[in-house]
Amino acid sequence: SQKIEQNSEALNIQEGKTATLTCNYTNYSPAYLQWYRQDPGRGPVFLLLIRENEKEKRKERLKVTFDTTLKQSLFHITASQPADSATYLCALNTGRRALTFGSGTRLQVQP
Amino acid sequence: ETGVTQTPRHLVMGMTNKKSLKCEQHLGHNAMYWYKQSAKKPLELMFVYSLEERVENNSVPSRFSPECPNSSHLFLHLHTLQPEDSALYLCASSQGHSVGSDGYNEQFFGPGTRLTVL
């Protein structure tokens, strides 16, 4: 069956360290993958999109990699801050205009 | 503010009630979506509308009935719901290049409607 897994339900790190979140998928061949941030009681907010022919994408302190052989994406936040604490969701395109989301990783950055 | 608004923000209803959720996008997008988010579960896509035509329906029970009267508005009509339908219902929009193209664009989400079915 098709599955999207994000590495852990929760991740705790110290301020200033790099947070690395993992998204693994099986039985998909997505043309692109997206990462979103969701704060409690709010809708997800788009962060980055990476296409299958791109290995890496950066935006300020964020970096995303996409390995279609390993069927994995890594999401990095460098110099993390307490304000980065949130749930991070990965999403794959799985149909015309359709996205399928992982269950998310809750990141807590300790001051 | 993402440019996508949803009303009401909170809704409590009995199993025999009929209610509607409303979504409006002010971004000029041509696709709109309904998602369900339950505790401890991933976002589940319910319906996709592209240029006011329903292009995807993810085996959603008929007690949920979507309506898209124009490209800016999307409704979800609810009737005879079950307690397990209690969840956060999220609306989103995106801009595609044409009806036949894949959505290679980000989705913009509203704040959601927190629904409780008693």
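Derivation of every value follows stated rules applied to the coordinates shown; laboratory data play no part. Values in this document were obtained by computation on a predicted structure and should not be read as measured data. With ideal geometry, Cβ positions are generated from the backbone for all residues, glycine too; neighbour counts draw on all protein chains shown.
In table form, for the structure just shown:
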quantity: Point-to-point label distance, A:Val45-A:Asp67, nm (Cα→Cβ direction, 7 Å offset); calculated: 3.0 nm
quantity: Neighbouring partner chain Cβ atoms per residue of A:44-57, average, 10 Å criterion; calculated: 2
quantity: Listed residue pairs exceeding 20 Å between alpha carbons, taken from A:Lys17/A:Lys63; A:Lys57/B:Lys40; A:Lys3/B:Lys40; calculated: A:Lys57/B:Lys40
quantity: Average beta-carbon neighbours from other chains, 10 Å sphere, peptide A:98-104; calculated: 6
quantity: Ranked B:His77, A:His76, B:His29, criterion: other C-beta atoms within 10 Å, fewest first; calculated: B:His77, A:His76, B:His29
quantity: Partnerless cysteines, meaning none of the other Cys C-beta atoms lie under 4.7 Å away, in chain B; calculated: B:Cys68
quantity: Relative intensity, log₁₀ I(q)/I(0), of chain A from a Debye sum that treats every alpha carbon as a point, q = 0.19, 0.21 Å⁻¹; calculated: -0.94, -1.14
quantity: Virtual spin-label span in nm between A:Lys57 and B:Lys18, 7 Å along Cα→Cβ; calculated: 4.3 nm
quantity: Estimated inter-spin distance, B:Leu118 and B:Glu53, nm [label 7 Å along Cα→Cβ]; calculated: 4.3 nm
